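Asks: One structure is given below, represented as structure tokens, and several questions about it will come after.
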Amino acid sequence: MLKKLSIIIPAFNEEKTIKEVLHQLVNLTLVQNIEKEILVIDDYSSDSTAAIVSQFIENHHEQDIKLHQQVKNLGKGAAIQKGISLTTGEFLIPQDADLELDPKDINKLLEKLLNEKLDVVYGSRFLANDNIIKNPAYYANRFLTALSNLFTRLNISDMETCYKLIRSDLAKKIELKEMRFGFEPEITAKLAKMKGVKFGEVPIRYIGRSYDDGKKIGWKDGLKAIYCIIKYAI
């Protein structure tokens, strides 16, 4: 039975959006009144991200929100790994701090999981989304997903998605090594190797931000993703 969901927010220099993300999560009622804990992993931000989170926690002391500050900047993958180690819910899900995704869609993943008794549900930015901008990043993501599917034998449409709803005990069993954006193909490959793990996927809303707005992933991360897909699937 799913009683609590752990929401992991890796955050690095997200002072412009972190408060709104926390506000949306606090006001989100999960299906079947599932409890939630919010774990913010500040990746050694050089702006006021940590201070904003601390103030938000102080103003919402009735909410289950915790802040962990990394001792140095290690990357998104490392932040999520730390979050996984701190979770107390039966399931966990990462939540980016940049407002590209709508937290209300977390309920779509939960409903899919509960209705079909799944272990893992991915939220796809590309399913039933005719309005998505088909820029180079779009085609890069589709290529990486296709390559990942080739090696893992999964049939998903968005391997690189942030929204990965995973049974916490499964995530804790996996020895994750990738510190940056290689986390996505690594955890996908390692989950696919686990016997009996049931996957699902649902469409989610997505509003991409530009590099001017603070987007951090680049072409070098795409090359690393290809390397990780092959490395961890073999």
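Asks: Give, as a single signed number, the net charge of other residues whose beta carbon lies under 14 Å from the beta carbon of Leu92, with Lys and Arg counted +1 and Asp and Glu -1.
Replies: Net of charged neighbours comes to +3.
Asks: Given H placed on each backbone N at 1.01 Å, which residues far from Tyr44 in sequence or on other chains put an amide H within less than 5 Å of it?
Replies: Answer set, sorted by chain and number: Gln70.
Asks: Which of the following values of Cα extents along the principal axes in Å was calculated from the structure shown: (1) 48, 42, 36; (2) 73, 39, 23; (3) 52, 40, 34?
Replies: Comparing each candidate, only (1) matches the computed number.
Asks: Please work out how much length the chain gains when fully extended from Ser46 to His61, using 0.36 nm per residue of separation minus the C-alpha to C-alpha distance, in nm with one decimal.
Replies: Roughly 2.9 nm would be gained on extension.
Asks: Per DSSP helix of 4 or more residues, -39500 (n - 2.57); summed, then divided by the residues of the chain. What does that give at 222 nm, rounded to the nearest 500?
Replies: Calculated mean residue ellipticity at 222 nm is -12000 deg cm²/dmol.
Asks: I need the phi-derived Karplus couplings for segment 125-134: 6.51 cos²θ - 1.76 cosθ + 1.60, θ = phi - 60°, integer Hz, Gly and Pro marked x.
Replies: 7, 10, 6, 6, 10, 6, 8, 5, 6, 8
Asks: Could you compute the net charge surrounding Lys72? Neighbours are other residues with a C-beta less than 13 Å from the C-beta of Lys72; K and R count +1, D and E count -1.
Replies: Combined, the nearby Lys, Arg, Asp and Glu give -1.
Asks: Could I ask something else about it? Over segment 73-222, what is the relative contact order in percent, taking alpha-carbon pairs closer than 8 angstrom and at least six residues apart? Intermediate values should be presented prior to the final figure.
Replies: Values: 203 pairs, mean separation 59.9, N = 150.
So the answer I get is 40 percent.
Asks: Pick from Lys36, Lys117, Lys76 the residue whose mean-square fluctuation is largest in a GNM of the chain, springs joining Cα atoms under 10 Å.
Replies: In this elastic network of the chain, the residue with the biggest mean-square fluctuation among Lys36, Lys117, Lys76 is Lys117.
Asks: Nearest-5 percent of antiparallel DSSP beta bridges in the chain?
Replies: Bridges in the chain are about 20 percent antiparallel.
Asks: Have a look at Met179, Met159, Met194 and tell me which one the Gaussian network model of the chain (Cα, springs below 10 Å) gives the largest fluctuation.
Replies: Highest fluctuation among the options: Met194.
Asks: Given the options Thr49, Thr87, Thr29, which has the most mean-square fluctuation in a GNM of the chain, springs set between C-alpha atoms less than 10 angstrom apart?
Replies: With Cα springs under 10 Å in the chain, the top fluctuation among Thr49, Thr87, Thr29 is at Thr29.
Where a number appears in this text, it was derived from the coordinates with a stated rule and is not lab data. Please read these numbers as outputs of a predicted model, since none were measured by experiment. As a convention, Cβ positions derive from the backbone with ideal geometry for all residues, glycine included, and neighbour counts pool all protein chains shown.
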